[in-house]
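The values are calculated or read from the model by the stated rules, or taken from the named source; none is laboratory data. The structure displayed is predicted, hence computed values, not measured ones. Here the Cβ positions follow ideal geometry from the backbone for every residue, glycine too, while neighbour counts run over all protein chains shown. Keep in mind that these areas ignore ligands, DNA and RNA; they rest on the heavy atoms of the full protein, side chains included. Shrake-Rupley method; radii C 1.70, N 1.55, O 1.52, S 1.80 Å.
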Amino acid sequence: MKIIIIRHAIAEDRAVFAEHNTDDNLRPLTDKGIKRMEQSRQGLKRLEPEADYIFSSTLTRAVQTADLIAEYYPEAIRKAIPQLNPGSDPAKLTSLLAELPTQSTILLIGHEPDLSELISWHTNGSHFNFLQLKKGAACLLQFKGAPKPASAEMIWLLPPRQLRSLGQEPCP
């Protein structure tokens, strides 16, 4: 199983959004965030041409990021799930992923620090964050079967700038 963990793109400033809205869950992507994710998804598609599933948190900024990425993977099953919402337990997400075919490629779009914790949990079995994903960054974890704690190999971890750069390179 391959799992690509992606942090949502640049969203509106939390404090500015809060001046007119009470629900941070509705905070959308900025135009800059949309533009950068449109460039990054090309690099992502170059690295991983196929995806079977695209799951995002239910928060607006993650759903919008997933929608942009899904345009490049139209065959993928697309769903917003609460297991990717901030503060969710990685074990609950892992249980859901374990029900999918082990040959699947799954894209997960969510939030920090939860995604870093998820990477740590899958690679070394702890909840200690040893990295931090920038907005729009991505990390590929590979499993020899269903995902479990301390069972993943990190194949790559790319900041958004490198994903955008890969998307601009001509195909060989």
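Identify the single condition in (1) of a type outside the set (A, V, I, L, M, F, W, C); (2) more than 19 Å from K32 (Cα to Cα); (3) at pLDDT 95 or above that D89 does not satisfy, given that it satisfies every other one.
It is condition (3) that D89 fails.
Against the conditions (1) assigned to a strand (DSSP E or B); (2) among the β-branched types (V, I, T); (3) open to solvent by 30 Å² or more (accessible area, probe 1.4 Å), where does I109 fall short? Just the number, please.
(3)
Being farther than 25 Å from I119 by Cβ, open to solvent by 80 Å² or more (accessible area, probe 1.4 Å) and either free of Cβ contacts under 8 Å to residues at least 40 places away in the same chain or under 18 Å from the mean Cα position of the chain (by Cα) (or both), is that true of even one residue in the stretch 35-42?
Filtering the stretch 35-42 for residues farther than 25 Å from I119 by Cβ gives 35.
Remaining after also requiring open to solvent by 80 Å² or more (accessible area, probe 1.4 Å): 35.
Now narrow it down to the ones that are either free of Cβ contacts under 8 Å to residues at least 40 places away in the same chain or under 18 Å from the mean Cα position of the chain (by Cα) (or both): 35.
Yes, the conditions are met somewhere in the stretch 35-42.
Select the strands (runs of 3 or more DSSP E) contained entirely in the stretch 1-105, then report the ones holding at least 3 residues which are closer than 16 Å to A138 by Cα.
Details: elements: 2-7, 53-56, 77-80.
The strands (runs of 3 or more DSSP E) meeting that bar are 2-7, 53-56.
Residues of the stretch 112-126 being in a helix (DSSP H, G or I), in contact (Cβ under 8 Å) with a residue 12 or more places away in the chain and of a type outside the set (D, E, K, R), which ones? Explain how you work it out, then say what you get.
Start the filter on the stretch 112-126 by keeping residues that are in a helix (DSSP H, G or I), which leaves 114-124.
Subset that is in contact (Cβ under 8 Å) with a residue 12 or more places away in the chain: 114-119, 121-124.
Hits for the stretch 112-126 are L115, S116, L118, I119, W121, H122, T123, N124.
Whether any residue in the stretch 127-144 is in contact with a His (Cβ under 7 Å, 6 or more places away or on another chain), of a type outside the set (K, R), part of a loop (DSSP other than H, G, I, E, B) and crowded, with 17+ Cβ neighbours inside 10 Å is what I want to check.
Going residue by residue through the stretch 127-144, those that are in contact with a His (Cβ under 7 Å, 6 or more places away or on another chain) are 135, 141.
Within this subset, residues satisfying the condition of being of a type outside the set (K, R) are 141.
From the residues that got through so far, the ones that are part of a loop (DSSP other than H, G, I, E, B) too are none.
No; the residues of the stretch 127-144 include none that is in contact with a His (Cβ under 7 Å, 6 or more places away or on another chain), of a type outside the set (K, R), part of a loop (DSSP other than H, G, I, E, B) and crowded, with 17+ Cβ neighbours inside 10 Å.
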